[in-house]
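Contents: one structure, followed by commentary.
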Amino acid sequence: MSFTPDEVRFLIAHSDQIAAASAELPSMRRGSIADVEKLRTAFGARGRAVAELLQARSSGKLPPDWLVCRESAQQATPPEVADYRARKLVDALGTGHTAADVTCSVGTEGAALGAVGFDYVGADLDFSRLLMARHNLGGGSLIRADALTPCVRADVVIADPARRAGGRRITDPAQLHPPLPELISAWRGTPMAVKCAPGLDFSTWEGLVSVVSLDGGVKEACLYTEDLFPGRREAVVIRSGSVDVITDSLDDSVGAGAPGTFIIDPDGAIVRAGVLRHYAAREELWMLDERIAYLTGDRIPAGESGFRFIEEVPIKRLRAALAAHGAGSVEILVRGVDVDPDRLRKKLALKGGRAMAVVITRIGSRGVALICGPRQWNGV
């Protein structure tokens, strides 16, 4: 649960004591019954709030001195993703402009936008989160307002509609909170960047769709209106501090062929952004099948991972083939075939000592198993 305004004020007033208590608790045990009891003894009725703060901070997603509850920490845009968006907006508008973050929560976008020279205004309906944002940002212009009610003049609007309802992910843009069509209508005439779940259908969006991943996990699809960036698709792969951008303006003239030296499972942002062929052409890779998002080639792209191909076998012969290779553990990847990796692993009953990998997929009309060496990285 979130904090009440009084709990937020307590957490701010007792930040030094909370930091001292945090240092005494093993990070992996934060939120345990024993730790909560210690915090209740030290902080009385506010012990629950302190426990939730320390548990939320232990994720390491946000700066360690920020005020966050579990829910706001889960929902917050990772700083690396917010930093990329802020730099992109500078490219489009330059510095010295005003950005209105109309679903500001605890202030992640504000920190990124302020760092690149934007004047920042944050708005949210949750008063507790506004108090947390003011603490996290060290002040600033923060107002309590509905995202559908324009309350400031801005050169660009950033919004992050809620993507879940009743514990389930929303797949219809019109069912977001607030609904995407209403949000766009409310701020019509102002350039916008709207953060959405990457699984939504953006085929009718006329501006740029930017799908962003961080360290292998797809985080969001940001929709930019045409007055910021014209209609294109891009994948933004952020890994270990580096940023790789793949756009649909690149060549996409690749076909399918037999496995090369390596099998590549491309980053999810590349797949979801629809730039798989563009990436393959750039990296001199090709597809195993025109319809399946696995790539192959004679090298692993810089900063990515792949599997050295050994042999292709029918799925029914996989157990015997792995036994012949002395496999003892196996990473299983499945795409295009109805196979449960966990159930398959149990059936394989591997007893060898060699670490291996299996890519189970469809090539043409055949379901096949591609036996490979263990995952390896090209860290160059």
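The values are calculated or read from the model by the stated rules, or taken from the named source; none is laboratory data. Being a predicted model, the structure only gives us computed values, none of them experimental. Cβ coordinates were reconstructed from backbone atoms using ideal geometry, including for glycine residues, and neighbour counts include every protein chain displayed. For accessibility, only protein heavy atoms count, side chains too; no ligands or nucleic acids. Shrake-Rupley method; radii C 1.70, N 1.55, O 1.52, S 1.80 Å.
In table form, for the structure just shown:
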| item | result |
| --- | --- |
| Approximate spin-label separation E80-A281, in nm, with each point projected 7 Å along Cα-to-Cβ | 2.8 |
| Full-extension gain in nm, R239 to E290, via 0.36 nm per residue minus C-alpha separation | 15.6 nm |
| Å² of accessible area per residue within the stretch 103-163, as computed with a 1.4 Å probe and no ligands counted | 39 |
| Per-residue SASA entry for I143, accessible area with 1.4 Å probe, Å² rounded to 10 | 60 |
| Extension gain, S329 back to A174 (0.36 nm per residue minus Cα-Cα distance, nm) | 51.3 nm |
| Heavy atoms of R9: accessible area, 1.4 Å probe, square angstrom to 10 | 110 |
| Quotient of Cα Rg and 2.2 N^0.38 Å for the stretch 57-110, N being how many residues it contains | 1.24 |
| Degrees, to the nearest 10: 33-43 long Cα axis against longest axis of the chain | 20 |
| Over the chain: helical MRE at 222 nm, DSSP H runs n ≥ 4 each giving -39500 (n - 2.57), nearest 500 | -8500 deg cm²/dmol |
| Cα point-scatterer Debye curve for the stretch 1-156, base-10 log of I(q)/I(0) at q = 0.10, 0.11, 0.16, 0.21 Å⁻¹ | -0.38, -0.46, -0.86, -1.27 |
| Label-point gap, in nm, between V90 and T261 - each point 7 angstrom along Cα→Cβ | 3.9 |
| Surface share of carbon and sulfur [accessible, 1.4 angstrom probe, percent] for the chain | 50 |
| Full-extension gain in nm, E226 to S185, via 0.36 nm per residue minus C-alpha separation | 13.3 nm |
| Separation of alpha-carbon centers, the stretch 282-299 and the stretch 144-174, rounded to whole Å | 37 |
| Accessible surface, the stretch 286-380, averaged per residue in Å² (probe 1.4 Å) | 53 |
| Helix 47-57 vs. the chain, principal-axis angle (Cα, 0 to 90°, nearest 10) | 50 |
| The stretch 135-248 shape via C-alpha gyration tensor axes, a/c threshold 1.5 | rounded |
